[in-house]
Every structure is written in C-alpha cells, then in structure tokens.
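Chemist: Supplied in structure tokens, the structure appears directly below.
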Amino acid sequence: MYKVKEIFRSIQGEGFNTGKESVFIRFSGCNFWNGRVEDRLEAKCNFCDTDFVGVNGKNGGNYNLKELIEVVERVWDLSFSLKKKNVILTGGEPLLQVDKKLLDFLKKKNFTVAVETNGSIKTDLDFDWICVSPKDPAHWNQKKGDELKIIYPQDKFNLKEIVNLDFKFFFLQPKDDSLMKLNLNKTIDYCKLNKKWIPSFQFHKAIGIQ
Ligand code: SF4
C-alpha cells in the first residue's frame, strides 16, 4: 500500500519547471522529520513548510497501485485532459515509497514523471526529471539528477564544491522563515556573483495557490 497525504492538481511553483501543469502526489512521511512541531528542533531540517503527516488531505488515503493510478488519472482529467500529462512525486520523502511498479504504471498511462527528493535515498529508477533538495550533507546520497535545489542560506553546504556535481541546473531558493526578506536578498546577491546558480522563488505561494 502507498500512504498518500494528498493528490492535487496545480502548477509547479518553483525551480526549472515553474508553471508546468501537473498532478502532485504528496506521499506521507519523511525520514528527516516526524512532522511533530515539538520535535522540530531535533529534525535534520527544521524549516520544513510542508504538512506530510497522515493520509487525511485532499484525495489522500492508503492505496494499492491500481487505486492510486485511478485517483491520479481522475484528478488529471478534471482539468488538464487535453495537455501533456505530468505527475510530480513529492512528500515528505517520496523515495521511501515510490517503486518501479508505480513508475512503470504511470509511464504506461502516458504520464511524464518527476520526483522531488531530499537526496537521502539513492535511486536508479528511470524518472523523467529528478529534483534533489538536500538538507543534510551527511545523509546526501543521490548526487546526480536534473535539478539541484539548495534552500539558502544553509551553512552546511559548500556551494563552490557542489556546483561541480552532475546536475543540469543549480537553484538557490530563499529559506522561507522569519528572515525571508534577508534570505531573499542574500540569494539574489549570491546568484549575481556566481552565475551557475539560479534563484528559485516559490511562485505558488506568491499567487496564493497550493
Ligand atoms: S526533507 Fe523536505 S519534507 Fe522532509 S522535513 Fe525536510 S523539508 Fe520537510
């Protein structure tokens, strides 16, 4: 069974594919935080802005493979039926649950499949797009993909070194905390001076969509 917090349609709000119409499958659970507010300070990343606990979100549930695909297709058909089908596997940490059977089935149904991962679990699955956003250098194992996204600032990462890894695009995204304005300025300044890094903004938040 796949534990899914929610399934919804929206546009990708950040990174290289900003604006791309997609169905998002948000898998329940993460290996970097248990999702409890009282445990946030001990989490590997304590700035998480996502509710990934449980299966009680929109279209959430415990699904077998066939049921999960049916929900994804239904959600897609509600809005985007004439467009190229795209699904984004996110979380929580999706690679705790995503397997070859699910990927193959989605592709058989003509979806392109992207994954957004914290990079702690190495994968050789044949995704169409891999976005890695590491939060802890000591637990970073997936070091190649399409898009690397660093939440900034995070002193744990040496940006000058990791910019040489095997990714096509390198994004810095301002950390969305009480210092957001300052983080935004720092992000822009760093990217101006270091051209390989591209600023990423969370447009879905700015325009008030999920
Ligand atoms: S890895 Fe991602 S989903 Fe997990 S706690 Fe950190 S920010 Fe949240």
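Just so you know, all these numbers are worked out from the coordinates, no wet-lab data involved. As the structure is a computational prediction, the values presented were derived from the model and not from experiment. Virtual Cβ from ideal backbone geometry, glycine too; neighbours counted across all protein chains shown.
Chemist: Where in the range 95-210 are there strands (runs of 3 or more DSSP E), lying wholly inside it, with at least 2 residues that are within 16 Å of the ligand (Cβ to nearest atom)?
Modeler: Values: elements: 112-117, 129-132, 144-152, 166-174, 197-199.
Those strands (runs of 3 or more DSSP E) span 112-117, 129-132, 144-152, 166-174.
Yes or no, residue by residue, for (1) part of a loop (DSSP other than H, G, I, E, B); (2) touching a residue at least 24 places away in the same chain (Cβ under 8 Å); (3) surrounded by 13 or more Cβ atoms within 10 Å (Cβ to Cβ); (4) out of contact with any Lys or Arg (no Cβ under 8 Å at 6 or more places or on another chain):
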{"residue": "VAL23", "(1), (2), (3), (4)": "no, yes, yes, no"}
{"residue": "ASP39", "(1), (2), (3), (4)": "no, no, no, yes"}
{"residue": "VAL53", "(1), (2), (3), (4)": "yes, yes, yes, no"}
{"residue": "GLU67", "(1), (2), (3), (4)": "no, no, yes, yes"}
{"residue": "VAL75", "(1), (2), (3), (4)": "no, yes, yes, no"}
{"residue": "LYS84", "(1), (2), (3), (4)": "yes, yes, no, yes"}
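Chemist: Could you list, in sequence order, the residues of the range 23-61 that are of a type in the set (A, V, I, L, M) and within 14 Å of the ligand (Cβ to nearest atom)?
Modeler: If the condition is that a residue be of a type in the set (A, V, I, L, M) and within 14 Å of the ligand (Cβ to nearest atom), then ILE25, VAL37, LEU41, ALA43, VAL53 are the ones that fit.
Chemist: For the range 169-180, indicate whether the set of residues that are farther than 18 Å from ASP49 by Cβ and either under 16 Å from the mean Cα position of the chain (by Cα) or crowded, with 17+ Cβ neighbours inside 10 Å (or both) is non-empty. Before the answer, list the steps.
Modeler: Quick first cut of the range 169-180, residues farther than 18 Å from ASP49 by Cβ only: 169-170.
Subsequent filtering for residues that are either under 16 Å from the mean Cα position of the chain (by Cα) or crowded, with 17+ Cβ neighbours inside 10 Å (or both) retains 169-170.
Taking every residue of the range 169-180 in turn, at least one turns out to be farther than 18 Å from ASP49 by Cβ and either under 16 Å from the mean Cα position of the chain (by Cα) or crowded, with 17+ Cβ neighbours inside 10 Å (or both).
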